[in-house]
Amino acid sequence: MEDRFITPLQPLRSMAAVSGLGNVNGEARVADSDTIKGQEGISAFKSIFEEAIDNVRSTEDTLAKRQYQLATGQIEDPHTVGIASSEAQLAVDMLVSLRTKALEAYNEIMRISL
């Protein structure tokens, strides 16, 4: 396969795919239980955040590499620095959004009176 100039972004897996509630075609299917409990839920939650953090790390590393190549004159296409910068910013924005939603969900759960 030829080396492509712009590599496509890989989307984060959906919650259904992570938890195993979706089928092969990506369509949602009804599970035996509406909730994910115990270790399965913890591992699903953990894997989503690990993937987001790894995405931030890899895009930041790519950006640093591109900036170095631009500074040393090793890069032929200077606009790749801007693309790498945008990818890194989107990855950080996604991680911050995930964190914010998780905190909002936690606070909502804490407000529920038993």
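Any residue in the stretch 67-75 that is under 19 Å from residue 10 (Cα atoms) and touching a residue at least 12 places away in the same chain (Cβ under 8 Å)?
There is no residue in the stretch 67-75 that is under 19 Å from residue 10 (Cα atoms) and touching a residue at least 12 places away in the same chain (Cβ under 8 Å).
Picking from 36, 48, 53, 75, which residue would you name as being outside any helix (DSSP H, G or I), touching a Leu at 6+ places or on another chain (Cβ under 9 Å) and either surrounded by 11 or more Cβ atoms within 10 Å (Cβ to Cβ) or modelled with pLDDT of 85 or more (or both)? Spell out the reasoning first.
On the way: 48 fails: outside any helix (DSSP H, G or I); 53 fails: outside any helix (DSSP H, G or I); 75 fails: touching a Leu at 6+ places or on another chain (Cβ under 9 Å).
So the residue among 36, 48, 53, 75 that is outside any helix (DSSP H, G or I), touching a Leu at 6+ places or on another chain (Cβ under 9 Å) and either surrounded by 11 or more Cβ atoms within 10 Å (Cβ to Cβ) or modelled with pLDDT of 85 or more (or both) is 36.
Out of 80, 100, which single residue is assigned to a helix (DSSP H, G or I) and in contact (Cβ under 8 Å) with a residue 12 or more places away in the chain?
One residue alone meets the criteria, 80.
May I ask you to list the residues in the stretch 84-100 that are under 11 Å from the mean Cα position of the chain (by Cα) and surrounded by fewer than 12 Cβ atoms within 10 Å (Cβ to Cβ)?
93, 97
The values are calculated or read from the model by the stated rules, or taken from the named source; none is laboratory data. The model shown is predicted, which means the values in this text are computed figures rather than measured ones. A quick note on method: Cβ atoms are made from the backbone with ideal geometry, for glycine too, and the neighbour counts reach across all protein chains shown.
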